[in-house]
Amino acid sequence: QVQLVESGGGLVQAGGSLRLSCAASGRTFSGYAMAWFRQPPGKEREFVAEIRWSASITQYADSVKGRFTISRDSAKNTVYLQMNSLKPEDTAVYYCAARITALIATIPANYAYWGQGTQVTVSS
C-alpha cells in the first residue's frame, strides 16, 4: 500500500521560511516523479514543483521560481520542499503526489498517489 505522508506545515510571517517533507513508502519510485501541489482557500489545486525520482530533474511554477526548492533523499524515500521568502499568497494546503514520469506534470489527474496535505499559513 503506497503512502505519502507530508509534514512541516505551520504558521509563518511573510518573508519567513518553512521546509515541507513527504515520506513515501509502499513501492519503488524509480520511473516516477514526485511533485508538490497546493490548494489555496476557495481555489483549485495548482502545481508547485516536481522532481524526477531517478534523475533529479526539477520543474517549478513561475510563482515560486527562485523562492522554493524541491529535493529528494533517495535513501530516506523522502521529498522536500524548501520554501523561502514566503508571501501571504502562498497560504494553502500543500500536497505531495506521485505520478509516472511520462505524464504531464502540471495536471493533478495524472497523479496516482496523494498525501493527506499539510496547511501552510503565511501572515502579513
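The values are calculated or read from the model by the stated rules, or taken from the named source; none is laboratory data. As the structure is a prediction and not an experimental result, all values here were calculated from the model. Virtual Cβ from ideal backbone geometry, glycine too; neighbours counted across all protein chains shown. Just so you know, the surface numbers come from the protein's heavy atoms only, side chains and all, with ligands and any DNA or RNA stripped out. Shrake-Rupley method; radii C 1.70, N 1.55, O 1.52, S 1.80 Å.
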Surrounded by 14 or more Cβ atoms within 10 Å (Cβ to Cβ), among the hydroxyl-bearing types (Ser, Thr, Tyr) and assigned to a strand (DSSP E or B), is that true of residue 21? yes
Say we look at the range 56-99 and pick out the residues that are under 13 Å from residue 15 (Cα atoms) and of a type in the set (Ser, Thr, Tyr); which of these is least open to solvent (accessible area, probe 1.4 Å)? 91
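For the range 105-124, which residues satisfy the criterion of being among the aliphatic types (A, V, I, L, M) and open to solvent by 40 Å² or more (accessible area, probe 1.4 Å)?
Keep residues of the range 105-124 that are among the aliphatic types (A, V, I, L, M), which gives 105, 107, 109, 112, 120, 122.
Hits for the range 105-124 are 107, 109, 112.
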What is the one condition in (1) part of a loop (DSSP other than H, G, I, E, B); (2) under 14 Å from the mean Cα position of the chain (by Cα) that residue 28 does not satisfy? (2)
When both residues are 6+ apart or on different chains and their Cβ atoms are under 6 Å apart, which pairs have a first residue that lies in the range 97-115 and is under 18 Å from residue 22 (Cα atoms) and modelled with pLDDT of 95 or more, and a second that is outside any loop (DSSP other than H, G, I, E, B) and among the basic types (Lys, Arg)? 111/99
Could you give every pair whose Cβ atoms fall below 6 Å, whose first residue belongs to the range 1-25 and is at positive phi, and whose second residue is of a type in the set (A, V, I, L, M) and open to solvent by less than 50 Å² (accessible area, probe 1.4 Å), counting only separations of at least 6 or pairs across chains? 8/20
Only one residue in 26, 9, 31, 15 is out of contact with any helix residue (DSSP H, G or I) (no Cβ under 6 Å at 6 or more places or on another chain) and either under 15 Å from residue 110 (Cβ atoms) or among the aromatic types (Phe, Trp, Tyr) (or both), so which one is that? 31
Can you spot a residue in the range 37-52 that is in contact with a Leu (Cβ under 8 Å, 6 or more places away or on another chain) and buried (at least 20 other Cβ atoms within 10 Å of the Cβ)? yes
